[in-house]
Amino acid sequence: MRTFRVHRDPSASLRLTLAAIVALALAGCALVRETPQVHSYTLALAGKPPVCLTVPVRIGAFTVDQPYATERLAYRTSPYRLDYYTYHRWAADPRQLVQAAARDYLERAAAPSECRGETTGAPLEISGHIRRIEELDAPTGWQGVLAVDLRVERAGALVLARSYAETEPAEARNPEAVAAALSRALARILDGVVAELSGQPPVPR
């Protein structure tokens, strides 16, 4: 009977060992690598409308164009490209954020303590549709772009139906500054609505 001896290449064994060490090191790096933190943003409208309303306000439903029906912040770098952040998101659906911000702001316009009088009669029913809510990365700086259609009814009768669009410069090149810019844009739109409903000229911001 013949006996066959297997000759092992020491260099091959060394290469396998080194490869195993490298693989373990890479796996270890992957395990200790931190996942980026998710940052959430909301809309906050400071102050109150410069004009008071003499009737109650009720905020109805808001809808949104499909590209913005997501909690991920949308940003635009050209007229043809719309992207979304992975780790920068709205704290809730944009429809809910705009609705809540508009409700809080407009209720302050009709608050008796603020307007020194009681609001009476059928309420103003305000609903809307969001056409754009995004960050625009322009060469001169970042901006918040907001476009909404608002509809106001009272006792079943149409009072106001209008489209609004505002572009507000952000104070810094980051999503939080863009959320603040969008808040200012929404406040400016609502100021115009309140002024028109009250029959008074809008006060510039």
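Laboratory data are not the source of any read-out in this text; all were calculated from the coordinates shown. In this text the structure is predicted, and so the values were computed from the model without any measurement. So basically every Cβ, Gly included, is an ideal-geometry build from the backbone, and we count neighbours across all protein chains shown.
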*Which of the residues belonging to the stretch 87-99 are crowded, with 20+ Cβ neighbours inside 10 Å and in a helix (DSSP H, G or I)?*
P94, L97, V98, Q99
*asked:* I need the full set of residues from the stretch 138-166 which are more than 17 Å from L106 (Cα to Cα), in contact with a Leu (Cβ under 9 Å, 6 or more places away or on another chain) and surrounded by 14 or more Cβ atoms within 10 Å (Cβ to Cβ), in order please.
replied: W142, Q143, G144, V145, L146, E166
*asked:* Just the residues that are within 17 Å of A109 (Cα to Cα) and either touching a helix residue (DSSP H, G or I) at 6+ places or on another chain (Cβ under 7 Å) or part of a strand (DSSP E or B) (or both), please, taken from the stretch 36-74.
replied: A44, L45, K48, P49, P50, V51, C52, L53, V57, R58, I59, G60
*Could you list all residues from the stretch 149-194 that are within 26 Å of S40 (Cα to Cα) and among the β-branched types (V, I, T)?*
T167, V178, I189
_I want to confirm something. Restricting to the stretch 147-178 and keeping residues that are basic (K, R) and outside any loop (DSSP other than H, G, I, E, B), which single residue is nearest to R76 (Cα to Cα)?_
R162
_Considering only residues that are more than 18 Å from A147 (Cα to Cα) and loosely packed, with under 13 Cβ neighbours inside 10 Å, which ones fall in the stretch 57-86?_
T86
*asked:* Looking at (1) crowded, with 18+ Cβ neighbours inside 10 Å; (2) in contact with a His (Cβ under 7 Å, 6 or more places away or on another chain); (3) not polar (S, T, N, Q), which one does R132 not meet, given that it meets all the others?
replied: (2)
